[in-house]
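Peer 1: Here you go, one structure.
The values are calculated or read from the model by the stated rules, or taken from the named source; none is laboratory data. Every value quoted in this text rests on a predicted model; they were computed, and no experiment measured them. Here the Cβ positions follow ideal geometry from the backbone for every residue, glycine too, while neighbour counts run over all protein chains shown. Heads up: the accessible areas ignore ligands, DNA and RNA and are worked out on the full protein's heavy atoms, side chains in. Shrake-Rupley method; radii C 1.70, N 1.55, O 1.52, S 1.80 Å.
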Amino acid sequence: MKVLSLFSVVRGYNIPIIVIAQYLSSIFILAPEKRALDVILDWRLFIIVFVSTLTIASGYIINNFYDSEKDLINRPNKSMLDRLVSQKTKLNVYFGLNFLATALAFIISWRAALFFSAYIFLIWFYSHKLKKYPIIGNLTASLLAVLPFFGILLYFKNFYHVIFAHATFLFLLILIREMIKDLENIKGDVANDYQTIPVRFGEKTSKQIITFLTVSTVLPVYILIDRYDVGYMDIYFYISLIVLIFFLLKLWKSKTHSEYIQLHNSLKLLIVAGVFSIVLIDPSVLVNGRALLKI
């Protein structure tokens with residue numbers, strides 16, 4: 001049960017998705033000029049992805065550590081499972097993962113170690129301080145979610161404009177999800193003096209901001225479809241816009257915790273679907289392996 005508890009704390013169910021997202025992004029978006037097989041067998045990329053997962057896992061631990069009281073109100077069932085592991089053990093695992101991540105990053109370069117050290121610090125600072133404040137907390141959380149992909153971007157050193165269009169769309173989806181989480185967790189936030197947007201300015205203002213951000217996703221989608229060749233992934237973007245329209249209709253009707261959870265889950269599903277839709281940029285890699293094994 002303690003192993004299961006620790007798995008819940010680090011959100012182990014998210015880790016494989018993050019790994020897949022980083023590899024698919026590397027193959028299809030960040031280094032499209034490289035052979036897919038070369039990208040997969042690149043041991044330096046493997047270490048960067050592994051270090052990213054260690055850092056993200058440690059981030060979940062420190063976030064859980066600081067949110068333990070709030071989660072008792074917002075997520076009582078998960079909180080009871082997470083509490084099977086002591087706070088001391090969580091901190092020991094947290095420091096162990098961060099030490100291992102930094103040491104492995106040094107194998108790549110001192111710049112990589114510096115990047116991940118800064119990333120670790122930002123996660124801690126967000127969990128300890130920034131997440132309690134409106135707007136800045138949401139922006140920081142969204143930035144932290146996309147930073148590992150910029151770590152890979154710096155490794156490949158391919159600064160294509162299309163990459164930033166993809167990143168903007170992902171950033172907006174994550175930012176919207178973070179703001180939905182604030183609506184979902186409003187009771188625990190009030191009890192623990194978290195000054196989130198719904199607590200500070202009210203649910204209506206929060207929904208207005210979410211609506212503006214949702215409408216803003218049209219811009220990166222238009223740029224990706226109209227100006228760049230995203231293959232069959234344009235199907236995903238069209239479907240995303242339709243889903244987001246229904247999302248907004250549901251948002252303004254939602255008032256209860258369970259309804260906000262449904263909205264949160266729909267955004268998570270949209271983000272995960274986007275990860276696997278990356279292969280639609282060039283399906284031949286999976287269809288017959290020619291692009292994978294091409295010499």
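Peer 1: Label-point separation (nm) for residue 256 and residue 68, each offset 7 Å from Cα along Cα-to-Cβ?
Peer 2: 3.2
Peer 1: So which lysines can residue 131 reach, going by Cα to Cα under 16 Å and dropping same-chain residues fewer than 8 places off?
Peer 2: Hits, sequence-local ones excluded: 70, 181, 187.
Peer 1: Still on this structure, I have one more. Accessible area per residue of the chain at 1.4 Å probe, in Å²?
Peer 2: 51
Peer 1: Between residue 86 and residue 273, what is the spin-label point distance in nm, taking each point 7 Å from the Cα along the Cα→C-beta axis?
Peer 2: 4.6
Peer 1: Order 236-248, 188-200, 163-175 from most to least packed using the mean count of other Cβ atoms within 10 Å.
Peer 2: Answer by packing, highest mean first, reads 163-175, 188-200, 236-248.
Peer 1: With a Cα-only, solvent-free Debye model of the chain, what are the log10 I(q)/I(0) values at q = 0.17 Å⁻¹?
Peer 2: -1.51
Peer 1: Rounded to the nearest 0.05, what FRET efficiency do residue 3 and residue 40 have when you use their Cβ-Cβ distance and R0 = 25 Å?
Peer 2: Details: r = 30 Å, r/R0 = 1.19.
About 0.25, to the nearest 0.05.
Peer 1: Follow-up question, since we're still on this one. Which helices, taking whole DSSP H runs in the chain, have alpha carbons extending 24 angstrom or more along the helix axis plus mean Kyte-Doolittle at least -0.5?
Peer 2: Helix filter hits for the chain: 43-66, 87-108, 110-128, 136-156, 161-184, 234-253, 257-277.
Peer 1: How far apart, in nm, are the 7 Å Cα→Cβ label points at residue 191 and residue 216?
Peer 2: 3.2
Peer 1: Follow-up. For the chain, with a Gaussian network of springs between Cα atoms less than 10 Å apart, report the residue from 151, 202, 137 with the top mean-square fluctuation.
Peer 2: Largest GNM mean-square fluctuation: 202.
Peer 1: Then there is this: Which percent of the accessible area of the chain is formed by carbon and sulfur heavy atoms (probe 1.4 angstrom)?
Peer 2: Working: 10370 of 15020 Å².
That fraction is 69 percent.
Peer 1: Note down the accessible area of residue 69, probe 1.4 Å, to the nearest 10 Å².
Peer 2: Residue 69 has an accessible surface of roughly 100 Å² with all protein chains in place.
Peer 1: With the cut-off at 1.5 for a/c, could you classify region 80-169 from its C-alpha gyration tensor as rounded, prolate or oblate?
Peer 2: Oblate shape, in that a/c is at least 1.5 and b/c is the bigger or equal ratio.
Peer 1: Here's something else I'd like to know. Restricting things to alpha carbons, tell me how big region 1-157 is in terms of Rg and Dmax, in Å.
Peer 2: 16.4, 49
Peer 1: If you don't mind, there's one more thing I want to ask. What fraction, in whole percent, of alpha-carbon pairs in region 160-294 exceed 21 Å separation? Provide the component values of the computation, followed by the final result.
Peer 2: Numbers: 4274 of 9045 pairs.
Summing the P(r) tail past 21 Å for region 160-294 gives 47 percent.
Peer 1: Compute the length gained on full extension between residue 143 and residue 227: take 0.36 nm times their separation in residues and subtract their Cα-Cα distance, giving the result in nm to one decimal.
Peer 2: Result: 27.7 nm gained on full extension.
Peer 1: Distance between Cα centroids, region 46-102 to region 141-155: provide it in whole Å.
Peer 2: Each part's Cα centre sits 19 Å from the other's.
Peer 1: Report, to one decimal in Å, the Kirkwood hydrodynamic radius for region 203-269 based on all distinct Cα pairs.
Peer 2: 13.0 Å is the Kirkwood radius here.
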